[in-house]
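J.: Got a structure here, written out as structure tokens. Questions coming.
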């Protein structure tokens, strides 16, 4: 809810690009978020793939799961 409120206060909708840039001022981030949103709009089931996407980090103490189920 905090992110949604921040984006709304920054102009979304209708200015999603501007609001996202205020949230994270990196053009690559804004482009990536909008690409993911377009993919989920075209195929709503991709939301579940992104939601369950697992990210791992290699550390000196071994692999660490950062996202996804069981994180």
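J.: What's the exposure ranking of 22, 8, going from fewest to most Cβ atoms within 10 Å?
T.: The most exposed by this proxy come first: 8, 22.
J.: I need the shape label for the chain. Rule: rounded when a/c is under 1.5, else prolate if a/b > b/c, else oblate, with a, b, c from the alpha carbon gyration tensor.
T.: Prolate, since a/c reaches 1.5 and a/b exceeds b/c.
J.: Between residue 42 and residue 57, what is the spin-label point distance in nm, taking each point 7 Å from the Cα along the Cα→C-beta axis?
T.: Calculated label separation equals 3.2 nm.
J.: Ok, one more. Just need the relative contact order of the chain here, percent rounded to a whole number, with Cα pairs under 8 Å and 6+ apart.
T.: 15 percent
J.: Once you put a point 7 Å from the Cα of residue 35 and another 7 Å from the Cα of residue 18, both along the Cβ direction, what distance in nm separates them?
T.: Distance between label points: 2.5 nm.
J.: Continuing with the same structure: How tilted is helix 27-42 with respect to the longest principal axis of the chain? Cα atoms for both, answer in degrees (0 to 90, nearest 10).
T.: So the inclination is approximately 90 degrees.
Values in this text are rule-based calculations from the coordinates and carry no lab data. No experiment lies behind these values; they were computed from the predicted model shown. With ideal geometry, Cβ positions are generated from the backbone for all residues, glycine too; neighbour counts draw on all protein chains shown.
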